[in-house]
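The values are calculated or read from the model by the stated rules, or taken from the named source; none is laboratory data. Everything numeric here is computed off the predicted structure, so don't read it as measured data. Glycine gets a Cβ as well: all are built from the backbone with ideal geometry, and neighbour counts include every protein chain shown.
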Amino acid sequence: MERTKVKSEETPVLTVNTPIRWQKTGGGSFYLGNRIIKPGEKFYAPLGEIPKVFRDAIDCLEPEKLQAIENGEAVPEVEETLYYLKKVKGQKGLFNIVDSEGKFMNEEPLTEEAAQELLTGLNQ
């Protein structure tokens, strides 16, 4: 009987170099490589780039990824960007398209029909 290797579909293991989303909460600026992170700013950085001394001045916005990296667990990385419509305050019938991080995808407010058309193209 011959032995054969069976390819198994394993979920990828998150490593120290996997980018995690953080937010600067303390006062002053935080120098990370060649970037300057201001108070309140949200940014992506791998766990290996952030010294343990500065972790009290920043908050992790993806704690499940952080815990998986620290425990060495396998967690599937799902990059699902959702787009949705947000009504513009003070202007009747105008909408913005916003992604899951709260960033606007359009420069100027759109009518509902134009926004729906653009939204269907983005969610495909």
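Some observations on this one:
- Cβ-Cβ distances below 6 Å connect no pair with a first residue in region 66-86 that is among the small types (Gly, Ala, Ser), a second residue that is at pLDDT 80 or above and not in a loop (DSSP other than H, G, I, E, B), and a separation of six or more residues or different chains.
- Pairing residues of region 34-56 that are in contact (Cβ under 8 Å) with a residue 24 or more places away in the chain with residues that are surrounded by fewer than 13 Cβ atoms within 10 Å (Cβ to Cβ) and among the hydrophobic types (A, V, I, L, M, F, W, C), at Cβ distances under 7 Å and at least 6 apart in sequence or on separate chains, gives PRO46/VAL16; LEU47/VAL16; GLY48/VAL16.
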